[in-house]
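Here the structure is laid out as structure tokens; the discussion comes afterwards.
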Amino acid sequence: MLHKLSLENILFLDIETVPQAKEFDELSIQTQKLWAEKTQYLRKEAVTAGDFYKRAGIWAEFGRIICISVGYFKITDEKRSLRVTSFYGNEDQSLRDFKALLETHFDNANQLLCAHNGKEFDFPYIARRMVINGIPLPEKLNLFGKKPWEVAHLDTLELWKFGDFKHYTSLKLMTHVLNIPSPKDDIDGSQVRDIFYEDDNLERIVRYCERDTVAVAQVFLRLRNEPLLLQPEIVYV
């Protein structure tokens, strides 16, 4: 079934997120209380809500998007390339730019979005942050009333599960077992918050996000038993 999909009709993507504020004390009292309630079941008794706040980027209600990287195939005369670009910095503008890309270039019914664990994280996170920022949802992210087969989302984690709903495999592990160059040779997701707030190095995070996007495309190729992308075939724009 995967082989019937045109690579040019798939938009591969990855996002990076951080807590809305650098420190827990910068939040309003009401937000602090809501965060404490939200994470109470996850925290051990010795861990305070403030100490746990570094992980807030995982939740769309308490985090924000600092980078959306996308990749799309261009195939001409049997030659292929993956074009990679990013929207980053101001969250509102990044979301609007991403929405514009979807509505101008990926709005047809046969065009799909693909991310690793995208159905559980990337897609709903983007949709929630759009709603919070007052941005009308593009059709690709508006799932209300749609039947499962009408949802234009692919998830490399779901494809790898082969029906096993208990199984989770990280992108890092998948690239390892599938002999794909690792995107985690510089940083990993657990370091994004500190690199953004402590090191003030958004460019490093963007590069990391783009490598993850390339890795998702590579995993998809391997799932189709197709040759991996070579470095000249990856174009950053």
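Just so it is clear, none of the values below were taken in a lab; they were calculated from the coordinates. Everything numeric in this text was worked out from a predicted model, so none of it was measured. Please note: Cβ atoms are built from the backbone with ideal geometry, for glycine as well, and neighbour counts cover all protein chains shown.
General observations
- Looking only at segment 83-107, and only at residues there that are among the hydrophobic types (A, V, I, L, M, F, W, C) and touching a Lys or Arg at 6+ places or on another chain (Cβ under 8 Å), the one that is surrounded by the most Cβ atoms within 10 Å (Cβ to Cβ): 95
- Any hit, segment 46-56, residues being surrounded by 20 or more Cβ atoms within 10 Å (Cβ to Cβ), small (Gly, Ala, Ser) and closer than 20 Å to residue 210 by Cβ: no
- Looking only at segment 115-157, and only at residues there that are surrounded by 18 or more Cβ atoms within 10 Å (Cβ to Cβ) and of a type in the set (Asp, Glu), the one that is nearest to residue 62 (Cα to Cα): 122
- Number of residues in segment 42-65 that are in a loop (DSSP other than H, G, I, E, B) and more than 17 Å from the chain's Cα centre (by Cα) equals 7.
- Taking every residue in segment 25-40 that is closer than 13 Å to residue 52 by Cβ and pairing it with any residue that is of a type in the set (Gly, Ala, Ser), at least 6 positions away or on another chain, the pairs with Cβ-Cβ distances below 6 Å are 27/21; 35/49; 36/49.
- Of all residues making up segment 23-45, the number that are surrounded by fewer than 16 Cβ atoms within 10 Å (Cβ to Cβ) and closer than 29 Å to residue 203 by Cα: 3
- Remark: residue 180 matches the filter, which requires a residue to be buried (at least 16 other Cβ atoms within 10 Å of the Cβ) and touching a residue at least 12 places away in the same chain (Cβ under 8 Å).
- Filtered by the rule that a residue be over 29 Å from residue 20 (Cβ atoms) and under 14 Å from the mean Cα position of the chain (by Cα), segment 179-228 gives a lone residue, 217.
- In the set 75, 66, only one residue is among the β-branched types (Val, Ile, Thr) and either surrounded by 14 or more Cβ atoms within 10 Å (Cβ to Cβ) or more than 20 Å from residue 2 (Cα to Cα) (or both); that residue is 66.
- Yes/no for residue 213 being in contact with a Phe, Trp or Tyr (Cβ under 8 Å, 6 or more places away or on another chain), part of a loop (DSSP other than H, G, I, E, B) and among the polar types (S, T, N, Q): no
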